[in-house]
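I have placed the structure first, in the form of structure tokens, so that the comments after it can refer back to it.
The values are calculated or read from the model by the stated rules, or taken from the named source; none is laboratory data. All of these numbers come straight from a predicted model, not from anything done at the bench. Here the Cβ is made from the backbone with ideal geometry for all residues, glycine too, and neighbour counts use every protein chain on show.
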Amino acid sequence: MTSAVSGNSDSVPFAGDSRWWAAGAQVASVARFEQVIDALRIVQDRVAGANPPESELVEVAEKLDEVSRALAVFQVPETKQVVGHLDVPGRGQSLVPAFHVDRADGNSVRGRVSFSRFYLGGGGAAHGGAIPLVFDEVLGRLANVGGRIRSRTAYLHVNYRAITPLDEELTLEARFDSEEGRKRFLSAELRKGDVVLADAEGLFVALREGQP
Ligand SMILES: CCCCCCCC/C=C\CCCCCCCC(=O)SCCNC(=O)CCNC(=O)[C@H](O)C(C)(C)COP(=O)(O)OP(=O)(O)OC[C@H]1O[C@@H](n2cnc3c(N)ncnc32)[C@H](O)[C@@H]1OP(=O)(O)O
């Protein structure tokens with residue numbers, strides 16, 4: 001049995017209105033797809049942290065090639081893509097660390113995120129590009145929920161206040177601050193306990209009819 005990938009968006013306040021861009025997308029099994037993404041995330045972490053002997057590298061490369069060959073025949077256009085459209089933490093998108101929502105309404109959201117080994121920059125700190133990735137994800141979704149016309153990030157300003165450690169549960173709080181015509185101003189903080197690790201302020205501009 002197949003199901004629509006964003007089928008339960010209406011019951012999830014922070015699911016994001018992905019129907020317009022995934023209108024034709026069906027998934028054979030949400031649970032199985034989630035299992036694949038979870039496994040892929042672990043592979044990303046294991047590869048990032050590994051230094052195996054050559055024989056093992058040869059074997060691993062062959063296994064990964066086998067996986068890509070298996071999926072090559074099932075490639076679909078963007079309108080039918082499943083990754084990015086699942087109503088699960090992280091949307092089934094292994095690029096961005098999964099954001100787990102604890103509390104949300106149309107104007108604010110609070111949740112948890114952690115940066116695994118894959119997101120290491122150096123010296124034990126998360127990569128400086130991984131942090132805006134999460135801010136863009138969370139602010140971008142918040143900018144677009146609640147039946148608002150879809151918008152795109154015009155700018156995203158990030159202040160790095162302290163290093164962001166790996167493998168720790170961090171909290172992220174974001175809010176919709178104000179709106180002026182097509183311009184939406186949002187802000188957020190990433191914290192470890194009470195300590196602000198990074199904060200962000202973004203401008204999201206509502207798209208005009210027909211604007212990509
Ligand atoms: C469709 C988006 C996704 C929807 C998702 C739905 C939910 C799905 C669920 C979950 C997904 C979650 C995933 C997160 C998604 C995050 C969103 C992204 O990352 S989008 C990718 C990165 N961004 C771009 O690729 C933009 C590229 N830029 C553009 O397309 C244009 O520049 C755009 C649309 C931003 C503005 O262009 P103009 O021609 O429409 O508008 P003008 O007239 O230039 O600006 C309007 C007003 O905004 C100001 N403005 C524009 N850019 C500015 C800037 N950089 N700084 C300051 N002001 C700016 C202007 O000065 C103007 O202000 P005045 O009305 O005169 O007061």
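Does Val145 meet the test of being β-branched (Val, Ile, Thr), more than 16 Å from the ligand (Cβ to nearest atom) and out of contact with any strand residue (DSSP E or B) (no Cβ under 6 Å at 6 or more places or on another chain)? Outline the logic, then answer.
Details: β-branched (Val, Ile, Thr): yes; more than 16 Å from the ligand (Cβ to nearest atom): no; out of contact with any strand residue (DSSP E or B) (no Cβ under 6 Å at 6 or more places or on another chain): yes.
Here the answer is no, as Val145 does not meet what is asked.
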Exactly one of (1) away from the ligand (no atom under 15 Å from the Cβ); (2) modelled with pLDDT under 95 is unmet by Ser55. Its number? (2)
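Each row is one residue, and each column tells you yes or no for (1) touching a residue at least 60 places away in the same chain (Cβ under 8 Å); (2) closer than 25 Å to Leu207 by Cβ.
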{"position": "Asp87", "(1), (2)": "yes, yes"}
{"position": "Val113", "(1), (2)": "yes, no"}
{"position": "Ala126", "(1), (2)": "no, no"}
{"position": "Leu139", "(1), (2)": "yes, yes"}
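Just give me the residues in segment 18-31 being surrounded by fewer than 18 Cβ atoms within 10 Å (Cβ to Cβ) and either more than 19 Å from Pro97 (Cα to Cα) or at pLDDT 95 or above (or both), in sequence order.
Start the filter on segment 18-31 by keeping residues that are surrounded by fewer than 18 Cβ atoms within 10 Å (Cβ to Cβ), which leaves 19-21, 23-24, 26, 28-29, 31.
Listed by number, the residues that qualify are Arg19, Trp20, Trp21, Ala23, Gly24, Gln26, Ala28, Ser29.
Would you check which residues across segment 48-85 are assigned to a helix (DSSP H, G or I), touching a residue at least 24 places away in the same chain (Cβ under 8 Å) and under 30 Å from Ser114 (Cβ atoms) and list them?
If we filter segment 48-85 for residues that are assigned to a helix (DSSP H, G or I), which is where we start, we get 48-49, 54-72, 78-80.
Then drop every residue that is not touching a residue at least 24 places away in the same chain (Cβ under 8 Å), which leaves 48-49, 78-80.
Within segment 48-85, Ala48, Gly49, Glu78 meet the criteria.
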Please tell me if Gly193 is under 26 Å from Ser94 (Cβ atoms), modelled with pLDDT of 95 or more, out of contact with any His (no Cβ under 9 Å at 6 or more places or on another chain) and not hydrophobic (A, V, I, L, M, F, W, C). no
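Considering each of Arg191, Arg103 in turn, give the residue that is loosely packed, with under 14 Cβ neighbours inside 10 Å, part of a strand (DSSP E or B) and either more than 10 Å from the ligand (Cβ to nearest atom) or at negative phi (or both).
Working: Arg191 fails: loosely packed, with under 14 Cβ neighbours inside 10 Å.
Just a single option satisfies the conditions, and that option is Arg103.
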In this structure, does Ala143 turn out to be among the small types (Gly, Ala, Ser), over 27 Å from Glu34 (Cα atoms) and buried (at least 17 other Cβ atoms within 10 Å of the Cβ)? no
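Restrict the check to segment 81-94 and report whether at least one residue is more than 21 Å from Ile37 (Cβ to Cβ), in contact with a Ser or Thr (Cβ under 6 Å, 6 or more places away or on another chain) and within 12 Å of the ligand (Cβ to nearest atom).
Kept after step one, since they are more than 21 Å from Ile37 (Cβ to Cβ), are these residues of segment 81-94: none.
No, segment 81-94 has no match at all.
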A careful count of residues in segment 24-70 that are more than 19 Å from Val88 (Cβ to Cβ) and not β-branched (Val, Ile, Thr) gives 22
Would you mind finding the one in Leu203, Leu166, Leu170, Leu156 that is modelled with pLDDT of 95 or more, under 28 Å from Ala48 (Cα atoms), within 16 Å of the ligand (Cβ to nearest atom) and hydrophobic (A, V, I, L, M, F, W, C)? Leu156
